[in-house]
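One structure is given below, encoded as structure tokens.
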């Protein structure tokens, strides 16, 4: 939603969606807000505990069944497996997404990889469409005055206008725009510790043949999973930037990461948002 800086500061039940690449500072920024006033909604947490809970557990059980000792215990109902997902620990979601490539190195076939990608996309759409209901729950059940939606880094990839319109109607969208220094840092982090990622299918279909030709692979099963993630991450990063910006231009506001580095408390945060709105009003 759009409003004046004055209206924002007078807005009692503030509702904000933070948008940006993973690692840009969304979670750090949300940690500066008092827990007794702000309800923190994590899109990734909702995905893992609601919409991908069963596929995640099935994946873990499938791995456990490869171990004879665990297989016997599972089949006799002597043990059970459950998730322990938290906002700070979303490893089960990442593990389920997996990486494309050589199965002997933990990689997935292209068909299985795409299946999981599609499940994740649908789960993220559902999670973001849940935001209005959670705004009501946060206020009506728990008594929170304000609401913060920490959207996943792949939110800009969903290509679902209903999601964007819903978020724009119910929250103020704030895009945290990276700078060159942080961009290099995030790319270096991805190189040192490659993590599973969500890709738009069209983007993957475009980049995969280029990668395979450059590296001389004739089949996806030859791909070293970490090598592919490291190769594609900078390209994914650059492809996402205009998508984030487009969402902010149409539905919200843009704040540079240099501005959020000075935020230490709720007052700083609100002043930063108000100043961002005021700057856009002058354009």
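The values are calculated or read from the model by the stated rules, or taken from the named source; none is laboratory data. Values in this document were obtained by computation on a predicted structure and should not be read as measured data. Counting neighbours? That spans all protein chains shown, and the Cβs are built from the backbone with ideal geometry, glycine included.
The set of residues in the range 208-226 being surrounded by 12 or more Cβ atoms within 10 Å (Cβ to Cβ), assigned to a loop (DSSP other than H, G, I, E, B) and without any contact (Cβ under 8 Å) to a residue 40 or more places away in the chain consists of 217 alone. Would you be able to tell me the number of residues in the range 46-57 that are out of contact with any helix residue (DSSP H, G or I) (no Cβ under 8 Å at 6 or more places or on another chain) and either buried (at least 22 other Cβ atoms within 10 Å of the Cβ) or over 13 Å from residue 126 (Cβ atoms) (or both)? Number satisfying all stated conditions: 2.
Kindly indicate whether residue 44 is outside any helix (DSSP H, G or I) and either modelled with pLDDT of 90 or more or at positive phi (or both).
It is false that residue 44 is outside any helix (DSSP H, G or I) and either modelled with pLDDT of 90 or more or at positive phi (or both).
Before we move on, is residue 247 modelled with pLDDT of 95 or more, assigned to a helix (DSSP H, G or I) and either under 30 Å from residue 139 (Cα atoms) or touching a strand residue (DSSP E or B) at 6+ places or on another chain (Cβ under 7 Å) (or both)? Judged against the criteria, residue 247 is a match.
When the range 250-268 is filtered for residues that are in a helix (DSSP H, G or I), under 15 Å from residue 175 (Cβ atoms) and either touching a helix residue (DSSP H, G or I) at 6+ places or on another chain (Cβ under 8 Å) or modelled with pLDDT of 95 or more (or both), the ones remaining, listed by number, are 250, 251, 257, 259, 260. Inspect all residues belonging to the range 80-87 and state whether any of them is outside any helix (DSSP H, G or I), surrounded by fewer than 16 Cβ atoms within 10 Å (Cβ to Cβ) and free of Cβ contacts under 8 Å to residues at least 12 places away in the same chain. So far as the range 80-87 goes, yes, one or more of its residues are outside any helix (DSSP H, G or I), surrounded by fewer than 16 Cβ atoms within 10 Å (Cβ to Cβ) and free of Cβ contacts under 8 Å to residues at least 12 places away in the same chain. Looking at the structure I just gave you, is residue 273 closer than 30 Å to residue 5 by Cα and not in a helix (DSSP H, G or I)? Judged against the criteria, residue 273 is not a match. Could you please find all residues in the range 15-28 being under 13 Å from residue 173 (Cβ atoms) and in a loop (DSSP other than H, G, I, E, B)? Result: 20, single match.
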